[in-house]
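Colleague: After the structure tokens below, expect a handful of questions from me.
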Amino acid sequence: MKLSVVVFVAALLFSCNNASKEKSVPAEPAVPKYNTISITKNIPYRDGDSDSWKLDMAMPANFGPEIRPALVIVHGGGWAGGSKDVDVYQEMMIEYAELGYVTINVEYRLTGEAPFPACIEDVKCAVRWLRAHADEYGVDPDRIGSYGHSAGAHLSLMLAMVPESAGLEGDGGWDEYSSLVNVAGAGSPPTELGRDNPMAKTEWWPIGYISANHPPLFLIQGTNDPVVLPERTRDFVEKMKAAGANIDYIELESGHGVAYDDQLEVTKPALEEFFAKHLNPEM
């Protein structure tokens with residue numbers, strides 16, 4: 001791995017770790033639709049020896065026979081750190097379950113365990129597992145969304161943009177089901193790693209999939225982010241819009257912690273509105 005790649009990943013991991021230590025900005029709480037939810041921890045989503053192939057699930061309890069939309073939450077941490085157990089992701093999992101979603105919070109192999117593109121393959125496998133178990137958990141397989149911050153935002157976008165033909169499905173099974181989500185949100189999203197290093201393979205980054213043929217996307221960027229540079233996110237959004245893609249974008253005065261622990265009074269309701277519009281939890 002070239003030094004530039006190491007520096008980028010280290011900066012992303014350092015920024016995410018620092019963000020988790022900062023005091024969160026309070027946001028207006030969502031009004032829960034379901035006051036009672038059930039939570040199941042560490043469900044294996046594929047066979048194998050890795051402890052990373054697990055997810056947590058939260059869902060409304062006793063909501064009847066109707067099928068629900070689902071939200072896949074993908075943690076950040078520079079692809080080399082982080083966990084589904086971080087408070088931010090656990091709280092989001094619970095909050096969206098209270099609003100009527102079946103939510104899963106996914107672990108995946110970090111780069112110290114398996115190099116790229118293992119993380120992409122793992123989250124795609126988790127989506128296939130969810131569709132394979134849609135009847136069991138009351139999930140509508142045509143109403144599945146994803147959200148992630150930082151490295152998780154990259155993976156969330158890949159879940160929405162990368163077709164089976166790209167060869168990134170991995171060997172986790174459930175191959176008869178699609179790994180594509182129906183809508184995706186992304187906070188501080190790395191849309192490309194860089195333009196002159198060996199890990200910047202276009203097939204591993206959203207910038208390699210510019211097209212109108214994608215589900216609705218919502219990107220949130222901080223104007224002062226030193227890790228995910230605003231000009232690269234703007235460039236990606238402009239290219240997507242020029243291609244005719246359905247993409248929403250907001251840029252806020254913030255750093256890398258936007259939509260993680262900063263500007264939450266803006267980003268939380270914006271994300272809830274975005275997912276409600278496209279996934280319709282009231283159905």
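The values are calculated or read from the model by the stated rules, or taken from the named source; none is laboratory data. Keep in mind that this is a model prediction, so the values were computed, not measured. Here Cβ is always computed from backbone atoms with ideal geometry, including for glycine, and neighbour counts include all displayed protein chains. Note: accessible area is taken over every heavy atom of the protein model, side chains too, but ligands, DNA and RNA are not part of it. Shrake-Rupley method; radii C 1.70, N 1.55, O 1.52, S 1.80 Å.
Colleague: What do you reckon, how do ARG46, ARG68, ARG234 stack up by accessible area (1.4 Å probe), largest on top?
Modeller: Result, largest first: ARG234, ARG46, ARG68.
Colleague: Quick one: if the Förster radius is 35 Å, what FRET efficiency do ASP135 and ILE250 give, using the C-beta to C-beta distance and rounding to 0.05?
Modeller: After rounding, the FRET efficiency stands at 0.45.
Colleague: Quantify, in whole percent, the carbon and sulfur part of the accessible surface of the stretch 29-107 (1.4 Å probe; protein heavy atoms only). Mind showing how you got there, number by number?
Modeller: Numbers: 1610 of 3200 Å².
Here it works out to 50 percent.
Colleague: Which distance in nm do the two modelled labels at GLU282 and THR223 give, with both placed 7 Å along the Cα-to-Cβ direction?
Modeller: Each label point is offset 7 Å from its Cα along the Cβ direction, giving 3.5 nm.
Colleague: In square angstrom, what is the accessible area per residue of the stretch 171-228 with a 1.4 angstrom probe?
Modeller: Using a 1.4 Å probe on heavy atoms only, each residue of the stretch 171-228 averages 39 Å².
Colleague: Sorting HIS278, HIS214 by accessible area (1.4 Å probe), largest first, what list results?
Modeller: Values: HIS278 60, HIS214 30 Å².
Greatest to least solvent exposure: HIS278, HIS214.
Colleague: Once Cα extents along the principal axes in Å is worked out from the coordinates, which option in (i) 53, 41, 38; (ii) 67, 48, 34; (iii) 49, 47, 34 does it equal?
Modeller: Comparing each candidate, only (i) matches the computed number.
Colleague: What residues of the stretch 200-223 lie in the reach of a label at ALA242, counting those whose backbone N is under 18 Å from a point 7 Å from the Cα along Cα→Cβ?
Modeller: Taking a point 7 Å out along Cα→Cβ of ALA242, the residues of the stretch 200-223 whose backbone N falls under 18 Å are 206-214.
Colleague: For the chain, give me the percentage of DSSP beta bridges that are antiparallel, rounded to the nearest 5 percent.
Modeller: So the antiparallel bridges in the chain amount to around 25 percent.
Colleague: How many Å² of accessible area per residue for the stretch 234-283, probe 1.4 Å?
Modeller: 47
Colleague: Which whole-number percent gives the relative contact order of the stretch 95-187, counting Cα pairs below 8 Å spaced six or more residues apart? Each step should come with its number before you reach the end.
Modeller: Numbers: 124 pairs, mean separation 31.4, N = 93.
Answer for the stretch 95-187 is 34 percent.
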